[in-house]
Amino acid sequence: MKSVPFTFEVCIADAILSHYDNHIQRRLSSMKGQFLDQAAYDALLAREDALLYEVYEIKRPEVAGELLHGLSIVHPGKVGDEYYMTKGHFHTVLETAEVYYCLKGQGMMVMETPEGEWAVEPLRPNTVLYVPPRWAHRSVNTSLTEDLVTFFVYPGHAGHDYRTIETQGFRKLVVERDGQPHIVDNPRWLSPEQRS
């Protein structure tokens, strides 16, 4: 790990960094319970444990003052009517933000706070999305033909809380209706009061 300034290149066409330290692959089997249509999930998983998304990271110390960064690639596809997506997470340190720069593809970022506020913002090439502190976030690829590629940066000490999302999901889902992405309520989501 370098402790001096450094540069790297992003090849947008190939969706890869010129160098990286860690490559994470998330397959359908790692997303159990995250898609609304469980029957469609089970049927797809029985056929193939599809690769849904990948993350390429440049490692830095996980401490305040450092910036962790890398490339996220969500592949095209659907489970039932729901588009492929990332697991989504809160930061373990809730009061930390994240920045996404969309390089390629079309998608949406689904976000919410612990109190139940929500927002969904479009991701398309050359857009920058600022995810404020306290907002969980999940990338959704709304194209069925090309990857959604984003470059991300967040504080080194932020951490990831996946368990909260694995337990309750997000308040909103992005599904295909008449060939277009639509934002719908998640019928399994519980309000903070209902969870108490």
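The values are calculated or read from the model by the stated rules, or taken from the named source; none is laboratory data. In this text the structure is predicted, and so the values were computed from the model without any measurement. Positions of Cβ are generated from backbone atoms using ideal geometry, with glycine treated the same way; all protein chains shown enter the neighbour counts.
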message = Cβ-Cβ under 6 Å, sequence separation 6+ or interchain: first residue in the stretch 61-77 and on the phi > 0 side of the Ramachandran plot, partner crowded, with 18+ Cβ neighbours inside 10 Å and assigned to a loop (DSSP other than H, G, I, E, B). Which pairs?
response = 77/84
inquiry  = One residue is enough: does the stretch 158-174 have a residue meeting the conditions within 21 Å of residue 73 (Cα to Cα), of a type in the set (Ser, Thr, Tyr) and touching an Asp or Glu at 6+ places or on another chain (Cβ under 7 Å)?
reply    = no
ask   = Limited to the stretch 47-60, what total is found for residues that are within 20 Å of residue 92 (Cβ to Cβ) and without any contact (Cβ under 8 Å) to a residue 12 or more places away in the chain?
value = 0
message = Step by step: first the residues of the stretch 37-61, then only those that are at pLDDT below 95 and not in a strand (DSSP E or B), then the one that is surrounded by the fewest Cβ atoms within 10 Å (Cβ to Cβ). Which residue is that?
response = 61
query = Where in the stretch 75-170 are there strands (runs of 3 or more DSSP E), lying wholly inside it, with at least 1 residues that are modelled with pLDDT of 95 or more and either among the hydroxyl-bearing types (Ser, Thr, Tyr) or surrounded by fewer than 18 Cβ atoms within 10 Å (Cβ to Cβ) (or both)?
reply = 98-104, 118-123, 128-131, 136-141, 148-155
query = Only one of (1) in contact with a Pro (Cβ under 9 Å, 6 or more places away or on another chain); (2) closer than 15 Å to residue 12 by Cβ fails for residue 136. Which number is that?
reply = (2)
note = For the stretch 171-186 the number of residues that are closer than 18 Å to residue 88 by Cα and part of a loop (DSSP other than H, G, I, E, B) is 2
